[in-house]
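The values are calculated or read from the model by the stated rules, or taken from the named source; none is laboratory data. Note that the coordinates shown come from a computational prediction; the quantities given were computed from them, not determined experimentally. Keep in mind that these areas ignore ligands, DNA and RNA; they rest on the heavy atoms of the full protein, side chains included. Shrake-Rupley method; radii C 1.70, N 1.55, O 1.52, S 1.80 Å.
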Amino acid sequence: MKKDSQFDLAIAKLAHKTHQFAFELDRTFFDQFEQSLIPDGNLHADVTLTKTDRLITLDFRITGTVRLICDRSLDEFDQPLDITEQLLVRYGDREVELDDNVLQITPDTQTLPIAQHLFDYIGLALPMKKLHPRFQNEPDENPGADSKLIFTTRQSGDNDEDEDSGDPRWDALRNLN
């Protein structure tokens, strides 16, 4: 990722209260990242930052569309997104990411870069199967693919006859041996 100070929040200069920030995310934003997942987009990000003595809370609201390529037809289409996320930033002795949504920074940190967080939230909101809207209302070719599968394993000492003795269909199959 290229360094862009437009998406760095100067947290050291902020007073202990709630602050509002707005960002426009377009092709120039997505070009900063070495990726081919999202070629283009037209998004608006509202960031509400609440600063206290021990904690900074960032509430993200990202709305708009991203340009995707259909997995079935390879046609481009606009995918609408409406994302709400929260990032907690606490103060500590070193800078480290404690969890997906919890960061630790040192008290002398001047700026907080949020471009990578914005990009990650957008990437996580994308559907696994990218289908052009004209295909989304078609019946699924493999409707059972999304259902849950339950796998069981048998130990070598398990006795098949005890489990299946109540079902007469198994008796007919055992007679074939």
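Projected over every direction and averaged, the convex hull enclosing the alpha-carbon atoms of region 30-108 yields 6.9 nm².
Working note: Debye formula, equal point scatterers on the alpha-carbon atoms of region 1-132, no solvent; log10 I(q)/I(0) at q = 0.13, 0.15, 0.22 Å⁻¹ is -0.58, -0.74, -1.35. Residues in region 26-127 average 54 Å² of solvent-accessible surface per residue, probe 1.4 Å, ligands and nucleic acids excluded.
Work out how much length residue 16 to residue 106 would gain on full extension: take 0.36 nm times their residue separation and subtract the Cα-Cα distance, in nm to one decimal. Let's see the in-between values first.
Details: separation 90, 0.36 × 90 = 32.40 nm, distance 1.67 nm.
Net length gain for the segment: 30.7 nm.
Could you please put 135, 30 in sequence from largest to smallest accessible area, using a 1.4 Å probe? Walk me through the numbers on the way to the answer.
Details: 135 35, 30 5 Å².
Listed by decreasing accessible area, they come as 135, 30.
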